[in-house]
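Reviewing the structure listed below.
The values are calculated or read from the model by the stated rules, or taken from the named source; none is laboratory data. Keep in mind that what you see is a predicted model, and the values were worked out from it rather than measured. All Cβ positions, glycine included, derive from the backbone under ideal geometry; neighbour counts span all protein chains shown.
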Amino acid sequence: MNTARRLSWKPVRRGAIDCSPACGAGCTYAEYLEAVEAAEKLAKKLPGFKPRVWENLGWHYAATALDAHVSVYADRGYYVLASATHQHAGDPEWGSFFARSPKGAIKKLKQNLRREIDTLQDFLKRLEDATK
């Protein structure tokens, strides 16, 4: 009989600690407040984006758009656009784009999407020509 207890990933505040039982890293309420402030600041740089904060071995933040299909977060001096999903051809992931600014990360995604659109339009034209 398995008597293991499932630990919650919902953060619990206990004085200065604000950490989920499943994490156990000792995340603090001060770190949470810093992440909230950083997320709000980042989202303000990107029109249409909303702040997002989560806890997993520390407090993390991002700015998200399109129902969180597009996320921009800071990582070691760069801004990273990640998890930009789309429904084309069963490909669930566009990958990550590193840039020196949040708008630079979005610009790289747009460039990649335009290349993909060009590729699809070319393929469609060749298909139409081949099936006349």
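Each residue in the stretch 1-49 was checked for being touching a residue at least 40 places away in the same chain (Cβ under 8 Å) and on the phi > 0 side of the Ramachandran plot, and 0 pass. Can you name every residue in the stretch 56-71 that is of a type outside the set (Gly, Ala, Ser), farther than 24 Å from VAL12 by Cα and part of a loop (DSSP other than H, G, I, E, B)? Correct list: LEU66, ASP67, HIS69.
A count restricted to the stretch 1-50 and to residues that are in a loop (DSSP other than H, G, I, E, B) and touching a Cys at 6+ places or on another chain (Cβ under 9 Å) stands at 7. Sub-8 Å Cβ pairs linking a first residue in the stretch 107-132 that is in the same structural domain as LYS45 (by TED's automatic domain parsing) to a second residue that is surrounded by 11 or more Cβ atoms within 10 Å (Cβ to Cβ), at least 6 apart or interchain, number zero. Taken over the stretch 86-132, the criterion of being over 30 Å from LYS45 (Cα atoms), modelled with pLDDT of 85 or more and of a type outside the set (Asp, Glu) is satisfied by THR119, LEU120, GLN121, PHE123, LEU124, LYS125, ARG126, LEU127, ALA130, THR131, LYS132.
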